[in-house]
Amino acid sequence: QEKLGELNMIKFDIWKDGKNKCVTMSYDDGVIYDKKLIEIFDKYGFKGTFHINSGLAGETKIPMPEISGVYKNHEVAVHGVKHESLTKLPPQNVIWDIFEDRKALEALTRKPVMGMSYANGYASEEICSYLKACGILYSRTVKSTKRFDLPENFLLWHPTCHHSEAPELCDTFLANTYNRGMLFYIWGHSYEFNLDNNWELIEGVCAKLGGRDDIWYASNIEIYDYVTAQRSLRISADNKIVTNPSALDVWVRQDEDIVKIPGGETVCF
């Protein structure tokens, strides 16, 4: 009988396709400058998540009929119908603001919209319960961690940093070859690049981080789905039998071996 100290334990520190690292981009408000940002993301192979207020219009906003086309290669997510600070609303208005935004965005994209970011960064544990009732699976805050960890709570998902802080963290992220399962989460507003006249900032970040074989470039919902599927694996007591009840393929590490666990299948070591 194996002793625990001799067990080749299975670990959840590997991303899709056996990659060690992941990068995701998250941008708010659905403004016209998203179009230029998307061109940069597409050029370097990034997946963006764009959080949109379906009840706001104006000359700097992308018209709602264009949403499906503009964001076709990226994720569309909730940002509240009118960009309200949720902690300042009664519960019924929180639910209305989230749920109506979901419905409007789903009607445009013809896809389930299950993600969100908090308008003005106003978030709380109480608000999380309302998000669950509205079918929201994750929601991003504006609290920078300066770390490359997974969130403790996907409904209070703290990003690594705002894009203004990203250049100083890129080298740290890329140089770290010891830690596995690292996530670099960058957020911001595309209109900031126009205001600050510094589009070269995000171009430089994408050029430095893009096109690498060891990085998975994912949207927010893809990360949520992958991590959820990975954590749902059914593993025998001796770590030698793993069943994947989900439809997604996931990867795990047993000692130094990286193993694919196909969706709906059982793998024996």
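The values are calculated or read from the model by the stated rules, or taken from the named source; none is laboratory data. All values derive from a computational prediction rather than experimental measurement. With ideal geometry, Cβ positions are generated from the backbone for all residues, glycine too; neighbour counts draw on all protein chains shown. Note: areas computed on protein heavy atoms with side chains; ligands, DNA, RNA excluded. Shrake-Rupley method; radii C 1.70, N 1.55, O 1.52, S 1.80 Å.
Remarks
- Count of the stretch 75-122 residues which are open to solvent by less than 10 Å² (accessible area, probe 1.4 Å) and assigned to a loop (DSSP other than H, G, I, E, B): 4
- For the stretch 11-37, filtered to residues that are assigned to a loop (DSSP other than H, G, I, E, B) and in contact with a helix residue (DSSP H, G or I) (Cβ under 6 Å, 6 or more places away or on another chain), the residue that is nearest to residue 74 (Cα to Cα) is 33.
- So residue 2, is it more than 22 Å from the chain's Cα centre (by Cα), modelled with pLDDT of 95 or more and farther than 17 Å from residue 119 by Cβ: no
- Filter result for residue 30 (touching an Asp or Glu at 6+ places or on another chain (Cβ under 8 Å), among the small types (Gly, Ala, Ser) and in contact (Cβ under 8 Å) with a residue 24 or more places away in the chain): no
- Screening residue 8 against (1) assigned to a loop (DSSP other than H, G, I, E, B); (2) free of Cβ contacts under 8 Å to residues at least 40 places away in the same chain; (3) open to solvent by 60 Å² or more (accessible area, probe 1.4 Å); (4) over 16 Å from residue 113 (Cα atoms) leaves a single unmet condition, (2).
- Top-ranked residue of the stretch 251-269 - restricted to ones that are assigned to a strand (DSSP E or B) and in contact with a helix residue (DSSP H, G or I) (Cβ under 9 Å, 6 or more places away or on another chain), ranked as nearest to residue 9 (Cα to Cα): 253
- Single residue of the stretch 123-157 satisfying the filter (under 13 Å from the mean Cα position of the chain (by Cα) and among the charged types (D, E, K, R)) that is most open to solvent (accessible area, probe 1.4 Å): 149
- Of the numbered criteria (1) free of Cβ contacts under 8 Å to residues at least 60 places away in the same chain; (2) assigned to a helix (DSSP H, G or I); (3) buried (at least 20 other Cβ atoms within 10 Å of the Cβ); (4) of a type outside the set (D, E, K, R), the one residue 69 fails is (3).
- For the stretch 120-133, filtering for residues that are out of contact with any Leu (no Cβ under 7 Å at 6 or more places or on another chain) and either of a type in the set (Asp, Glu) or closer than 21 Å to residue 188 by Cα (or both) leaves 5.
- Restricting attention to the stretch 129-186, the residues that are in a loop (DSSP other than H, G, I, E, B), hydrophobic (A, V, I, L, M, F, W, C) and more than 19 Å from residue 215 (Cβ to Cβ) total 4.
- Scope the stretch 158-185; condition open to solvent by 50 Å² or more (accessible area, probe 1.4 Å) and of a type in the set (Val, Ile, Thr); matching residues: 172, 177
- Residue list for the stretch 216-250, filter: outside any loop (DSSP other than H, G, I, E, B), under 30 Å from residue 50 (Cβ atoms) and open to solvent by less than 30 Å² (accessible area, probe 1.4 Å): 216, 220, 223, 226, 227, 229, 230, 250
- Remark: residue 181 falls outside the filter, which requires a residue to be touching a Gly at 6+ places or on another chain (Cβ under 7 Å) and touching a residue at least 40 places away in the same chain (Cβ under 8 Å).
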